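The values are calculated or read from the model by the stated rules, or taken from the named source; none is laboratory data. Keep in mind the model is a prediction, meaning the values are calculated, not measured. Note that each Cβ is placed from the backbone with ideal geometry, even for glycine, and that neighbours are counted across all protein chains shown. Protein only, heavy atoms only, side chains kept; ligands, DNA and RNA dropped before computing areas. Shrake-Rupley method; radii C 1.70, N 1.55, O 1.52, S 1.80 Å.
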Amino acid sequence: MTLLKKAPLSLLRAFEAAGRTGAFTAAAQELDLSPSAISHAIRKLEETLDTRLFQRSTREIMLTKEGAILLEHIQRGFDEMQRGLSLVTADESRPLRLHTAPSFAHQWLLPRLGSFIAAHPHIDLRLSASTEYARFEQDDYDLDIVYGEPRPSPYEKIPLAVEELTPLCSPEIAARIRCPEDLYHQSLIQCDVQLYQWKGWFEANHLTPPRHYGLRFDRSFMAIAAAVDGLGVVLESKLLAERELASGRLVCPLIETTQEIHYIGHYLVFPRHQHRHFALNSFKDWLLSQLNLAQLR
């Protein structure tokens, strides 16, 4: 407590803003202060801690190793304070807005959402689904679950499950598939927006890709539904088809004799620190636990 008494919140706020933005001028604009006031606050904090927090030059500032460590912990502390303030003010009533890839929402998220609602009945959750990226500033989203590697951005990103692509079909069609070459005689269902498609799977298994396919969709949930209805064989993620595989409506006819394609299909994206919703961590922790990724919390 002695150091906290010596380092008031105003100094810590100035340090956090400067460390996050990488510039005294930007920090000053954010906190409605002058750059010299920011510089003075940080020098006072360094004197209080007897520790150099920034390397300064005429053109830029850079965090020292000690400064980077301190910044991380201060940001965590600010997040917790924001969460506490939100819980006891009107901000608690603001909905947590989640944007997600459509097929992930339809196939994986919605069937499990009941457990999150039961555990957090006070959180007002709003969901939107599209293949576009969430615009956190314009559309006021709090989190985004995207398909494929996210484009470069200042946001936090967490890779979700490693997905496994393999041919899936109804048990009736599977009875006619004994070896990979039997796929040439089946109607193959393709999802056009999928990162890895039939051509890549055939090549990974040292087979010549066919020239024609039976059905093409622009959403995985439609391709999976078509396979369930016996319209052909789909190359799909076992994660997205988890319910259909568990119920026996779909099976993996070549799982023992062919090479699966492994890749990270989805990522969780959200703003790093500023203006984060008080319930963001609750949803993130729940999502990672459902995917058995508790170590990434």
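Tabulated results
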| read-out | value |
| --- | --- |
| Cβ-Cβ FRET estimate between residue 119 and residue 69, R0 fixed at 45 Å, reported to 0.05 | 0.85 |
| Inter-site label distance for residue 56 and residue 213 at 7 Å from Cα along Cβ, in nm | 6.0 |
| Candidate lysines - alpha carbon under 29 Å from residue 65, same-chain residues fewer than 8 apart omitted | 5, 6, 44, 157, 284 |
| In order through segment 277-291: 3J(HN,Hα) via Karplus (6.51 cos²θ - 1.76 cosθ + 1.60), integer Hz, x for Gly, Pro | 5, 4, 9, 4, 5, 5, 5, 4, 4, 5, 4, 5, 5, 5, 8 |
| Size of electric dipole in the chain: Cβ of Lys, Arg +1 and of Asp, Glu -1, about Cα centre, debye, nearest 20 | 640 |
| Leading residue at positive end of dipole, the chain (Cβ point charges), from 222, 127, 270 | 270 |
| Amide H contacts of residue 217 (H built 1.01 Å from N, under 5 Å, at least 5 apart or other chain) | 190, 191, 192 |
| FRET efficiency, residue 6 to residue 289 (Cβ-Cβ, R0 45 Å, nearest 0.05) | 0.70 |
| Residue 243-residue 192 FRET efficiency (beta carbon distance; Förster radius 30 Å; 0.05 resolution) | 0.85 |
| Compactness of segment 151-297, expressed as Rg and Dmax over alpha-carbon positions, Å | 17.7, 56 |
| Qualifying trypsin sites (Lys or Arg not before Pro) for segment 169-218 [loop in DSSP, other Cβ within 10 Å: at most 15] | 176, 178, 211 |
| Spin-label model distance (nm) - residue 199 vs residue 128, 7 Å beyond Cα toward Cβ | 3.4 |
| Within segment 88-173: Cβ-based charge dipole about Cα centre, in debye rounded to nearest 20 (Lys, Arg +1; Asp, Glu -1) | 80 |
| Residue-wise HN-Hα coupling along segment 199-215, computed from phi with Karplus coefficients 6.51, -1.76, 1.60 (Hz; x: Gly, Pro) | 4, x, 5, 4, 5, 5, 9, 6, 10, 7, x, x, 8, 10, 10, x, 9 |
| Computed over segment 197-262, Kirkwood Rh from alpha-carbon pairs, angstrom | 12.8 |
| Chain lengthening between residue 48 and residue 110 when straightened (0.36 nm per residue, less Cα-Cα) | 17.2 nm |
| Dimensionless Rg over Rh [segment 1-54; C-alpha; Kirkwood] | 0.96 |
| Accessible solvent surface per residue of the chain, calculated while the other protein chains remain in place, 1.4 angstrom probe, Å² | 54 |
| Overall form of the chain per C-alpha gyration tensor (a/c, 1.5; a/b vs b/c) | prolate |
| Karplus-derived HN-Hα couplings along segment 173-181 (A = 6.51, B = -1.76, C = 1.60, θ = phi - 60°), whole Hz, x at Gly and Pro | 6, 4, 5, 9, 10, 10, 9, x, 5 |
